[in-house]
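The values are calculated or read from the model by the stated rules, or taken from the named source; none is laboratory data. These numbers come from a predicted model, not from an experiment. Every residue, glycine among them, receives a Cβ derived from its backbone with ideal geometry; neighbour counts consider all protein chains shown.
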């Protein structure tokens, strides 16, 4: 870029108008054209393939890493305007979320699925819709499917807008989805970001190498939303704390039995 | 001696001022109508940008309430609410892209230059050409209506990603009076145009009174229909772009047909000026890409009315992004190719030298256009689409830089060894090359997928698109306006004001947008109404204020241009036919301004458009139509 700008200035000065001089009469030069097609193409080719390796490391890590490495898994559900953080517990697998009772569900399809809460079938018709709305927003805001065995040991109760905790020096797989509109889960300090799309599950991997304590104040990393999601878009701020591997295992991987070795 | 000019295929020679100046089918009048309307929209879009900059300089700062608008809108403390801010940047981008840059490049210069430069009397379909302007008015009116609807105009960004864009901004309330009046007038004018040329009763054109009645009824029906479809700002946005898409298609069909069929004798495809080539290629892009936008808009409208669930309510949100970018990425080239073409015309004229590598320039534009259709996914690297797809799009996006680079090198080589005259259009054209290089190279960062993870949705993107669209396209447009103004209006523009405008714009533009790169590298997010609660970005407030002051200065720098534009029309010195000693037909074979029907006699072309400083003649220019007694040794 600097070279081109320099060239422009040089050409502007060198070939400024002088009376009585005629410009050179040149139509082009095939060798030059070929040269300045092939050289940039080669440079760009190298750039592309070096990019691809980094990209694969970030986006394909769960499939490509050796099975001996056990990542920390975290499910993030974007919602207007907060981040909900769910840990999978000891089994390392998430249950199903974001399955909601529909406005027409006077009977729940089955009681177990909705955590033992009765469907509003005994209520008068005009209250049913309100009751279902209340259930979906207050009693089960994440739409958890209670009869999914994988979700039995999930740590989801305090999920709403809590700080995310990740272990240091261990790959973290962040699974991303959204409850309402598209958000973008961004960790500016870690140079990672991915949109959370309703109905899709995205995943990326990063490895923190420094604990928040070592960072000094404020003692956390900021999470931001970087895809326009409504009028509170800029307020969709979250916190991420990097803790030691032992702390992480004790807090988030013991639930529902011992952590797999 | 001269054949009678074919003036108008529809109604014979025009009679009356109405058909001559207002409902004209003359391509030059239509181009000027587009020019005036686009420049008005440019002012509106620019004012919206000032609001954005005010908010970012003083977020939540009670000491700096928004001037005028704060009191007018009765905001608490005069501070802009965040949803209003979302509306402002969404509409800024929408207006600048769809109602300023695309019409300015494609419709204004496409209309004006194509027939004149290829030696045609007018466009192939004159009525359709006029319709593309008059049908554009209702599209603009629907977009403007959004501002007056309760719940603001569209606020989901210029990309309008569902499900956010599917959320209703207000219920189905009745429209206020202002948008109804605006839409009625626009539709009335449009139907009036159709009546003037298109409606016959018993084999005769309808009279004025009947036209007025018919247009009034049709416009009323139109407004009722529009109100039913566009009940809030977002649905107005979708509908407006749908209508605008039709308008673009009318233009594109016309340009392609004109270039293919109406070239004058001797004007082979490879003797066409590069601006005509670029507009021709652009028209093909418009023709192929716009229907996809139209389809996306229809699907979005139906989703918005809760009739379907293509994108939201259990649909696939990414589908909208694919459809939108399948149009909007080619649209990026729609917004830059004509500027490239016009700059390729202006550089040789003022370097007094043939363009370097004419054919490689054409091939480069064609390959940019082709590659433009297979790179849309680079807007979606972080959208959650399949990561394998991202690599594919990264490769194609990287390689679109190659033909762009070829063009830049050719422009430089055109200047090399030249005899450069630093006129105002030349300064703007050189600025175009210089700014386009910065904008183009920052694009390569985004094409690299891992780098894009960090910089996407930050101010780096904002800096990039402004370097390409303002630094590129707008400097191209300024160059073109300064260059062709004498032809359009028959008056010379004031050089001093022109230099003042150029220097101020160039400096303030770079102060405004270069700093945004630095913000972007720090991860500073776009579309944030307030950033002061983030530890990471709060300390960028002084920098944002610097950008804002530069942006205000940039806006003020346009005042000399406005004075020059209007003043020269009134007081400007009468322009000779060929003030720049250029070779192409619009300068050598017609007066300034050209009469209706353009050429007294259809010219015959003997050589390419860039024969400057040819050894065959004593002067440093050799018009395309000049007959040399001795056979020219020059190829071309």
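Filtering B:406, B:468 for residues that are more than 26 Å from residue B:157 (Cα to Cα) and at pLDDT 90 or above leaves a single hit, B:406.
Can you find even one residue in the range B:92-111 that is touching a helix residue (DSSP H, G or I) at 6+ places or on another chain (Cβ under 9 Å), crowded, with 23+ Cβ neighbours inside 10 Å, within 14 Å of another protein chain (Cβ to nearest Cβ) and closer than 29 Å to residue B:33 by Cα? Looking through the range B:92-111, at least one residue is touching a helix residue (DSSP H, G or I) at 6+ places or on another chain (Cβ under 9 Å), crowded, with 23+ Cβ neighbours inside 10 Å, within 14 Å of another protein chain (Cβ to nearest Cβ) and closer than 29 Å to residue B:33 by Cα. Does residue A:226 satisfy the condition of being in contact with a helix residue (DSSP H, G or I) (Cβ under 7 Å, 6 or more places away or on another chain) and crowded, with 18+ Cβ neighbours inside 10 Å? When the stated conditions are applied, residue A:226 does not pass them. Scanning the range B:219-232 for residues that are crowded, with 17+ Cβ neighbours inside 10 Å and either assigned to a helix (DSSP H, G or I) or touching a helix residue (DSSP H, G or I) at 6+ places or on another chain (Cβ under 7 Å) (or both) yields a count of 6. For residue A:14, the conditions (1) at pLDDT 85 or above; (2) more than 7 Å from chain B (Cβ to nearest Cβ) all hold with the exception of (1).
Going through B:184, B:127 one at a time, which residue ends up being under 30 Å from residue B:602 (Cα atoms), touching a residue at least 24 places away in the same chain (Cβ under 8 Å) and in contact with a helix residue (DSSP H, G or I) (Cβ under 6 Å, 6 or more places away or on another chain)? Show your work before the answer.
Values: B:184 fails: under 30 Å from residue B:602 (Cα atoms).
Going through B:184, B:127 in turn, the sole match is B:127.
There is no residue in the range A:196-212 that is within 11 Å of another protein chain (Cβ to nearest Cβ), at positive phi and crowded, with 16+ Cβ neighbours inside 10 Å.
Table: residues versus (1) out of contact with any strand residue (DSSP E or B) (no Cβ under 9 Å at 6 or more places or on another chain); (2) closer than 30 Å to residue B:485 by Cβ; (3) touching a residue at least 12 places away in the same chain (Cβ under 8 Å).
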| position | (1), (2), (3) |
| --- | --- |
| B:512 | yes, yes, yes |
| B:519 | no, no, yes |
| B:525 | no, no, yes |
| B:530 | yes, no, yes |
| B:533 | yes, no, no |
| B:542 | yes, no, no |
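When we screen B:235, B:215, B:155 for residues that are assigned to a loop (DSSP other than H, G, I, E, B) and in contact with a helix residue (DSSP H, G or I) (Cβ under 6 Å, 6 or more places away or on another chain), the only hit is B:155. Of all residues in the range A:160-190, exactly one satisfies the criterion of being closer than 18 Å to residue A:239 by Cβ, facing another protein chain (nearest Cβ under 7 Å) and surrounded by fewer than 22 Cβ atoms within 10 Å (Cβ to Cβ), namely A:188.
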